[in-house]
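The structure appears right after this line, and notes come after that.
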């Protein structure tokens, strides 16, 4: 039954377009052309961001930041295993997935750190990547009004991930 949801939805959209006398194929190709143009426009921003992320991970800066923040996170009860995830998550989704996988290899998925890492991954955003991509695509240069609330939300996600896991699994 669930395998039919997408084909049925597509058929309903086409049927609705035909009933409204919309040239469905022409509109589809116009939308695809517009999205391709947008993809080409954001490609330089995407390449620059992926290069910066690679340099950040390869330089060891993530480990330095994690070591610097360790006394604070210990005080807050934040698991040490999840600190690299909290550092890389606002920067890179793929990097965060790699760190997440290494956390689950080191500790059991049902451990406190494994659960906190899972909640972090599901409740935070790749802030710098998202801001760079969307603001770059729309030529917004002043991101200070976006960056502070977004990083605050990420920080809240990190703190509340610990509290949520303690609440539901303690």
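The values are calculated or read from the model by the stated rules, or taken from the named source; none is laboratory data. Note that this is a predicted model, so its numbers are computed, not measured. Quick reminder, even Gly has a Cβ in these numbers, built from the backbone with ideal geometry, and neighbours come from all protein chains shown.
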Requested in this report: For residue 134, indicate whether it is farther than 23 Å from residue 72 by Cβ, in a helix (DSSP H, G or I) and without any contact (Cβ under 8 Å) to a residue 60 or more places away in the chain.
Outcome: yes
Report task. Give the residues of the range 66-111 that are part of a helix (DSSP H, G or I) and more than 20 Å from residue 155 (Cβ to Cβ), sorted by residue number. Result -> 94, 97, 98, 101, 102, 104, 105, 106
Query - Residue count, the range 115-127 (criterion: surrounded by fewer than 20 Cβ atoms within 10 Å (Cβ to Cβ) and either within 18 Å of residue 49 (Cβ to Cβ) or touching a strand residue (DSSP E or B) at 6+ places or on another chain (Cβ under 7 Å) (or both)) - result: 2
Report task. Collect the residues in the range 128-146 that are surrounded by 15 or more Cβ atoms within 10 Å (Cβ to Cβ) and under 16 Å from the mean Cα position of the chain (by Cα), keeping them in residue-number order. Result -> 128, 129, 130, 131, 132, 133, 135, 146
Query raised in the report: Looking at the range 137-150, which of the residues that are assigned to a helix (DSSP H, G or I) and in contact with a helix residue (DSSP H, G or I) (Cβ under 9 Å, 6 or more places away or on another chain) is nearest to residue 74 (Cα to Cα)?
Result: 150
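Yes/no matrix, rows are residues, columns are (1) buried (at least 18 other Cβ atoms within 10 Å of the Cβ); (2) modelled with pLDDT under 90; (3) more than 23 Å from residue 149 (Cβ to Cβ); (4) in contact with a strand residue (DSSP E or B) (Cβ under 6 Å, 6 or more places away or on another chain):
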| site | (1), (2), (3), (4) |
| --- | --- |
| 72 | no, yes, no, no |
| 75 | no, yes, yes, no |
| 78 | yes, no, no, no |
| 95 | yes, yes, no, no |
| 99 | yes, yes, yes, no |
| 113 | yes, no, yes, no |
Report task. Tell me, please, whether a residue that is assigned to a helix (DSSP H, G or I), modelled with pLDDT under 90, under 20 Å from residue 154 (Cα atoms) and within 23 Å of the chain's Cα centre (by Cα) can be found in the range 33-49. Result -> yes
Query - All positions within the range 50-62 that are without any contact (Cβ under 8 Å) to a residue 60 or more places away in the chain, surrounded by 11 or more Cβ atoms within 10 Å (Cβ to Cβ) and under 19 Å from the mean Cα position of the chain (by Cα) - result: 50, 52, 54, 56, 57, 62
